[in-house]
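One structure below.
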Amino acid sequence: MSAPGGSITIAGKAVSRIGLGTMGLTGPGHWGPPPDRVGAVRLLRLAVDAGVTHLDTADAYGPHTVEELICEALHPYPPELLVATKVGMIRPGPNRWRPLGRPDYLRHAVEASLRRLGVERLALCYLHRVDPETPLTDQVAELAALRQEGKIAAVGLSKVTVAQAEEAMTIVPVAAVQNVLNRSEPDDPTVDWCRTHRIPFVPYRPLAAGRLATGTGPGDALRWLLDRGSHVAPIPGTRTATHLAELLASAAGSTAVHR
């Protein structure tokens, strides 16, 4: 089965360039379980059956809900599947998010994600957000230590500037950068920085939180992202099998080349 959008290597694994963002597989306010848990499990399985081999999640989705859903739906994971998760964000309540990057908390969060996902090592673990109250070097160093211990295979960064990415690179290899990018929010210098350093750039909110998801929007939006460069790997989200099929079909026709 062909990989939607073609293939890209992320964290040492060749995966589909069109991945699946899973934040929407939660309740209102991204809080608690989804209204249709059975349907969410089915959707995850359908995505993998359709050739999606890059799933993006976070311990904060629910919180904890989606990591548990992924384990229920797909464990034991097929060898070609990359499950990426994120740590460093706590949830005081529905629609509320707060960075927390203390090293002891990051370690606790990684250990908890290992248990929920049912694995001995996280294939790709992002720092979900930079906590402004903790030095970035301390946050990245803790993830680097967990990588050294074998609990994380690769470290990524989310919502970072070029300067922050450069600083992190002095401590640990950066396996991927995940920032917002879409046709409504098209400017992010980390896209070119990642191209220069041959690091995958993973756009979250690729459909502008649904604003680009109507009419021909999904196809145009995803092709626009794919055409930004062969290092770009969008992670659109969905709650329905019909929309999933539309997203995957829309990946056809990209003209992206290595640059």
Is it the case that some residue within the stretch 99-112 is farther than 22 Å from N179 by Cα, part of a loop (DSSP other than H, G, I, E, B), out of contact with any Leu (no Cβ under 9 Å at 6 or more places or on another chain) and in contact (Cβ under 8 Å) with a residue 12 or more places away in the chain? no
Restricting to the stretch 65-79, name every residue that is surrounded by 14 or more Cβ atoms within 10 Å (Cβ to Cβ) and closer than 12 Å to V48 by Cβ. I70, A73, L74, Y77
Could you tell me which of the residues V38, V87 is of a type in the set (V, I, T) and closer than 27 Å to E246 by Cβ? V38
Residue list for the stretch 1-20, filter: over 9 Å from G51 (Cα atoms), among the hydrophobic types (A, V, I, L, M, F, W, C) and open to solvent by 20 Å² or more (accessible area, probe 1.4 Å): A11, A14
Which members of the stretch 83-135 meet the condition of being of a type in the set (G, A, S) and more than 19 Å from the chain's Cα centre (by Cα)? G93
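The values are calculated or read from the model by the stated rules, or taken from the named source; none is laboratory data. Note that the coordinates shown come from a computational prediction; the quantities given were computed from them, not determined experimentally. Here the Cβ is made from the backbone with ideal geometry for all residues, glycine too, and neighbour counts use every protein chain on show. Surface areas here come from the heavy atoms of the whole protein model, side chains and all, with no ligands, DNA or RNA. Shrake-Rupley method; radii C 1.70, N 1.55, O 1.52, S 1.80 Å.
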